[in-house]
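Below is one structure, written out as structure tokens; comments come after it.
The values are calculated or read from the model by the stated rules, or taken from the named source; none is laboratory data. Everything quoted here is computed from the prediction, not taken from an experiment. Positions of Cβ are backbone-derived with ideal geometry, glycine not excepted, and every protein chain shown enters the neighbour counts.
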Amino acid sequence: MRVGIGLPSAVSPADGRIVVEWAAAAENLGFGSVAVIDRLLAPTYDPLTVLAAAAAVTTRVELYTSVLLPALRPTAVVASQAATVDQLSGGRLSLGVGVGSRRVDYDAAGVAFERRGKVLDEQLSELRRLWQEPEDFSTPGPAPRRLGGPPILVGGTSEAAVRRVIQHGSGWICGVGGAAAFAGTAETVRERWQRAGRDGSPWLLSVVNYALGANAADIAEGYLRRYYGEATFLQSMIAQIPTSLDSVRAALDAHRQVGCDEVILLPCASDQRQLELAAKVLSDDLTGTGPSR
């Protein structure tokens, strides 16, 4: 099982160089990937812009959006930005996508919240079409590094999310609920993948928020309340969050036991000490090849 690390782009550090420094340090410390999450009406950094910066200071780590909300953006813009990061990184981008649950973000983008799933379905088909077109002045952005574009990973536990994995994805991301939530949907994804006659296996990831060091529990709760507000799953997230090295190790072990391919540890603070402490849980067996390229 591979272990990746989230960049603190959603923690809103006052100095943006901190986010870039995390990416370079994460690669040096042995993490397999770096990841970003997405919101619009929040003081968070734009995810694909952050990954472009991360690509410039790394050579090995995979780059994930976990997840991007494409429906907040015109499809042509998503296609261009993602292909650009894919090229800048030498083909290390995997585009994690989802629909999100915050109406205010969609209101700000001028997109009907109730149509977000339909919009995403249309976008996923259109992205693949655009990425397979010859590079010229009728298509958005550069040709991606790989014909057909970067691997698509789908977030969410709904029936629609599972369908999107099978139709468009290289894998699936569990965003909330830990190993128990991961296990149930992962089994469904595996079964549906096989039934559909897809080659190989889906790449299965899970996201785990964490905080370590002094006052870790308070740091975690403060960040989660600021970022997730009144989300229905907030209390369970706060209760489950690892705040010690032992509890981080336990979370990783639990995911390994249910067949998770990769866990992404998302920080609740931007202090690079959080990154250095998290690196203590890495071991030689936490490896993997990543989504199909």
Listed residues ALA217, ALA231, ALA160; which is surrounded by fewer than 18 Cβ atoms within 10 Å (Cβ to Cβ), in a loop (DSSP other than H, G, I, E, B) and of a type in the set (A, V, I, L, M)? ALA231
Can ALA186 be described as in a helix (DSSP H, G or I), among the small types (Gly, Ala, Ser) and within 22 Å of GLY6 (Cα to Cα)? yes
Failed condition for ARG128, given (1) at pLDDT 95 or above; (2) more than 26 Å from PRO267 (Cα to Cα), with all others met? (1)
Condition first: more than 20 Å from VAL36 (Cα to Cα) and surrounded by fewer than 21 Cβ atoms within 10 Å (Cβ to Cβ). Now tell me which residues in the range 252-280 satisfy that. ASP253, ALA254, ARG256, GLN257, VAL258, GLY259, LYS280
Any residue in the range 6-28 that is closer than 17 Å to ASN209 by Cα and in a strand (DSSP E or B)? yes
Going residue by residue through the range 96-110, is there one that turns out to be under 25 Å from TYR228 (Cβ atoms), out of contact with any Leu (no Cβ under 7 Å at 6 or more places or on another chain), charged (D, E, K, R) and not in a loop (DSSP other than H, G, I, E, B)? yes
So ALA83 ticks every box in (1) crowded, with 17+ Cβ neighbours inside 10 Å; (2) outside any helix (DSSP H, G or I) but one. Which box is left unticked? (2)
Could you tell me whether the range 25-36 includes any residue that is more than 22 Å from ALA278 (Cα to Cα), over 14 Å from the mean Cα position of the chain (by Cα) and modelled with pLDDT of 95 or more? no
Criterion: crowded, with 17+ Cβ neighbours inside 10 Å and farther than 15 Å from ASP261 by Cα - qualifying residue of GLY171, GLY177: GLY177
Does the range 132-151 contain at least one residue that is surrounded by 14 or more Cβ atoms within 10 Å (Cβ to Cβ), under 21 Å from the mean Cα position of the chain (by Cα) and among the hydrophobic types (A, V, I, L, M, F, W, C)? no
TYR223 passes all but one of the listed conditions (1) part of a helix (DSSP H, G or I); (2) out of contact with any Cys (no Cβ under 6 Å at 6 or more places or on another chain); the exception is number (2)
PRO43 vs. criteria closer than 23 Å to LEU234 by Cβ, touching a residue at least 24 places away in the same chain (Cβ under 8 Å), out of contact with any helix residue (DSSP H, G or I) (no Cβ under 8 Å at 6 or more places or on another chain) and part of a loop (DSSP other than H, G, I, E, B): yes
For PRO151, indicate whether it is modelled with pLDDT of 95 or more and either under 21 Å from ALA76 (Cβ atoms) or of a type in the set (Val, Ile, Thr) (or both). yes
Based on what the data block shows, is VAL248 within 22 Å of GLY30 (Cβ to Cβ) and surrounded by 15 or more Cβ atoms within 10 Å (Cβ to Cβ)? yes
Looking at the range 239-255, can you tell me whether even one residue there is part of a helix (DSSP H, G or I) and at pLDDT below 95? yes
Select from the range 10-39 the residues that are among the small types (Gly, Ala, Ser) and touching a Leu at 6+ places or on another chain (Cβ under 9 Å) and write down the one among them that is surrounded by the fewest Cβ atoms within 10 Å (Cβ to Cβ). GLY30
Can we say VAL67 is touching a Gly at 6+ places or on another chain (Cβ under 8 Å), among the aliphatic types (A, V, I, L, M), under 23 Å from THR232 (Cα atoms) and assigned to a loop (DSSP other than H, G, I, E, B)? no
